[in-house]
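The values are calculated or read from the model by the stated rules, or taken from the named source; none is laboratory data. Keep in mind that this is a model prediction, so the values were computed, not measured. Glycine also receives a Cβ, built like all others from the backbone with ideal geometry; neighbour counts cover every protein chain displayed. Keep in mind that these areas ignore ligands, DNA and RNA; they rest on the heavy atoms of the full protein, side chains included. Shrake-Rupley method; radii C 1.70, N 1.55, O 1.52, S 1.80 Å.
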Amino acid sequence: MKKKEKEKNQEQLTNKIMKLHQRITELEKSGTNKKLQEEYVKFKQDEEFLRGSEEQFRILVEMSIDAIFLETTEGRILECNAAGAKMFGYTKEEMIGLTIADLVPEEFAKKLPRVITEKETTHGIFMSRTSKKKDGTLFPTEIASKLVNIRGKPRLIAYIRDITGRKKNEKLQGVLYNISEAANSNISLDQLYPLIHQELNNIIDATNFFIALIDIEKDEISFPYHRDEKDNDFPVCRLSRIKNLTAYVIRSGQSLQVNQKQIKEMADEGGIKLGHVGIVTANTHWLGVPLKIKNKITGAMVVQGYTNPHLFSKKDIQLMEFVSSQVATAIQRKQMEEEMEKLAHFDSLTGAYNRGYGLGLLSRELKFARRRKTPFLLAYIDIDGFKNINDIFGHGEGDQVLKKVVKLLKSTLRDIDIICRMGGDEFLLIFPESTLNDAPLMRKRLDKNLKRLNQTLNKPYKIGFSVGVSSYNPNNPQSIDELISIADENMYKEKKKRASNRRVI
């Protein structure tokens with residue numbers, strides 16, 4: 001507001017001085033000396049005030065952090081302040097004589113002759129444009145321009161503000177918002193990782209990027225997501241033993257930005273081992289920040305380049321740290337979500353589907369088979385002598401048996417087959433698009449793998465199970481209860497036959 005008032009006062013005083021000069025000329029011609037003297041004294045007083053006003057105005061212009069230009073109506077620069085010269089990378093002397101077309105795209109320059117003839121220039125015009133530095137660098141600016149009358153000549157005063165910081169902040173806020181939105185959507189964790197990568201690439205060079213997560217109980221660093229131009233070897237590592245850059249960031253809880261020389265220095269000092277570090281080139285530049293949630297380290301987020309040793313700046317460290325807190329939170333809102341889903345769908349002990357979800361899958365399979373008129377096979381399994389194992393060796397040992405059985409089933413069955421723990425030591429297996437003719441082959445594979453398992457157990461008991469099967473025939477459809485009942489009955493028939501040969505201890 002003060003600038004506008006100063007500009008208004010200056011313009012008014014300039015017009016007043018011009019009128020005084022005209023009045024003095026008229027009085028001299030009329031020979032009215034006394035009146036002329038009075039008018040002349042008043043004129044000198046106004047002139048002194050104007051000079052003081054101009055000096056104050058120049059001080060304000062030089063103190064401004066925005067670029068301020070005085071231009072001809074054709075856009076040629078007559079004066080500029082220090083901030084303007086610095087903003088565009090010129091000296092003040094170099095700026096004089098340049099046209100606005102040298103500093104902003106031609107689009108803006110071409111509009112000038114038209115703009116200054118319009119009435120809107122009396123009130124000023126405002127626009128956002130991309131400006132250009134002396135070295136050719138483009139950057140976003142806001143430009144305000146107004147037509148004024150200075151010493152009887154029309155002039156343009158332009159104010160230009162560099163809004164690079166604001167634009168970066170807007171991008172950053174957009175990135176954080178999108179990551180948060182994704183974390184709260186119904187996408188999986190595996191789908192969230194590439195989205196984080198995509199968003200981060202909008203504000204920093206994330207061509208080479210990976211996320212590392214730690215499991216303190218397992219003493220592991222894993223890399224659930226990684227994209228790298230030169231390196232695709234990201235194995236799970238022991239946190240207590242590995243001495244690479246990622247582990248250094250996680251252990252220290254501090255961000256790290258290093259090039260090839262600094263990496264070698266860290267190795268010489270014993271902070272890392274070169275043999276544990278991935279591919280390093282002469283122009284490597286590595287930047288990693290810890291993932292934290294309430295000061296608890298959960299992993300690290302890393303970007304790196306192989307061709308520019310100055311790829312990242314100190315500002316990039318701050319940016320990565322700012323984003324990392326949102327990323328850590330997003331990965332945790334999603335891990336918890338998947339854990340809750342896992343609890344709802346899976347048996348927490350064995351990892352097989354639980355009874356409720358398994359029966360839901362069976363119902364879906366039945367509808368699918370009815371619609372397409374295809375068969376499927378059911379198998380009901382009960383572990384032989386499981387109660388004795390619990391009673392003699394304890395329930396902890398029994399739990400281990402259940403886990404081993406499910407692991408055996410998963411390694412034996414097809415990917416499309418379904419394993420459901422019905423409760424206790426009973427399991428239901430669903431074999432889509434299979435018939436009773438496939439049952440012997442399935443049983444043969446199970447027995448073979450079970451025999452191999454018992455050979456490696458080195459326990460005073462043998463794991464065995466009884467199996468009963470039933471088959472859905474589209475030509476003679478049955479209900480779920482009927483199919484389960486048949487499989488259960490056949491399982492107990494086999495259990496009775498095996499009872500005399502079963503050996504638990």
Candidate set from the range 235-256 (those that are touching a Gly at 6+ places or on another chain (Cβ under 8 Å) and outside any helix (DSSP H, G or I)); member that is most open to solvent (accessible area, probe 1.4 Å):
Lys243
Only one of Leu311, Leu349, Leu366, Leu362 is more than 17 Å from Leu245 (Cβ to Cβ), in a loop (DSSP other than H, G, I, E, B) and either at pLDDT 90 or above or over 38 Å from the mean Cα position of the chain (by Cα) (or both). Can you tell me which?
Leu349
Scan of the range 158-211 for residues that are open to solvent by 40 Å² or more (accessible area, probe 1.4 Å), farther than 16 Å from Asp316 by Cα, touching a residue at least 24 places away in the same chain (Cβ under 8 Å) and assigned to a helix (DSSP H, G or I), ordered by number:
Asp190, Pro194
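Every residue, every condition in (1) open to solvent by less than 70 Å² (accessible area, probe 1.4 Å); (2) polar (S, T, N, Q); (3) free of Cβ contacts under 8 Å to residues at least 40 places away in the same chain, yes or no:
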| position | (1), (2), (3) |
| --- | --- |
| Glu365 | yes, no, no |
| Lys373 | no, no, no |
| Phe376 | yes, no, no |
| Ile383 | yes, no, no |
| Gly398 | yes, no, yes |
| Val401 | yes, no, no |
| Lys407 | no, no, yes |
| Leu413 | yes, no, yes |
Positions within the range 97-111 being assigned to a helix (DSSP H, G or I) and either at pLDDT 80 or above or charged (D, E, K, R) (or both), in sequence order:
Ile100, Ala101, Asp102, Glu106, Glu107, Lys110, Lys111
Restricting the range 257-292 to residues that are part of a strand (DSSP E or B) and open to solvent by 20 Å² or more (accessible area, probe 1.4 Å), the residue that is farthest from Asp205 (Cα to Cα):
Lys292
Flag for Gln326 being outside any strand (DSSP E or B), open to solvent by 10 Å² or more (accessible area, probe 1.4 Å), of a type in the set (S, T, N, Q) and out of contact with any strand residue (DSSP E or B) (no Cβ under 7 Å at 6 or more places or on another chain)
yes
Being of a type in the set (D, E, K, R) and either within 19 Å of the chain's Cα centre (by Cα) or surrounded by 15 or more Cβ atoms within 10 Å (Cβ to Cβ) (or both) is the filter here; which residues of the range 212-228 pass it?
Glu220, Arg227, Asp228
Taking the options Asn354, Asn388, name whichever one is in contact with an Asp or Glu (Cβ under 7 Å, 6 or more places away or on another chain), touching a residue at least 40 places away in the same chain (Cβ under 8 Å) and more than 22 Å from Glu489 (Cβ to Cβ).
Asn354
Can you name the residue in the range 416-474 that is free of Cβ contacts under 8 Å to residues at least 24 places away in the same chain and part of a loop (DSSP other than H, G, I, E, B) and is also most open to solvent (accessible area, probe 1.4 Å) among such residues?
Asn458
Is it the case that the range 318-328 has a residue that's closer than 30 Å to Ile418 by Cα and out of contact with any Asp or Glu (no Cβ under 9 Å at 6 or more places or on another chain)?
no
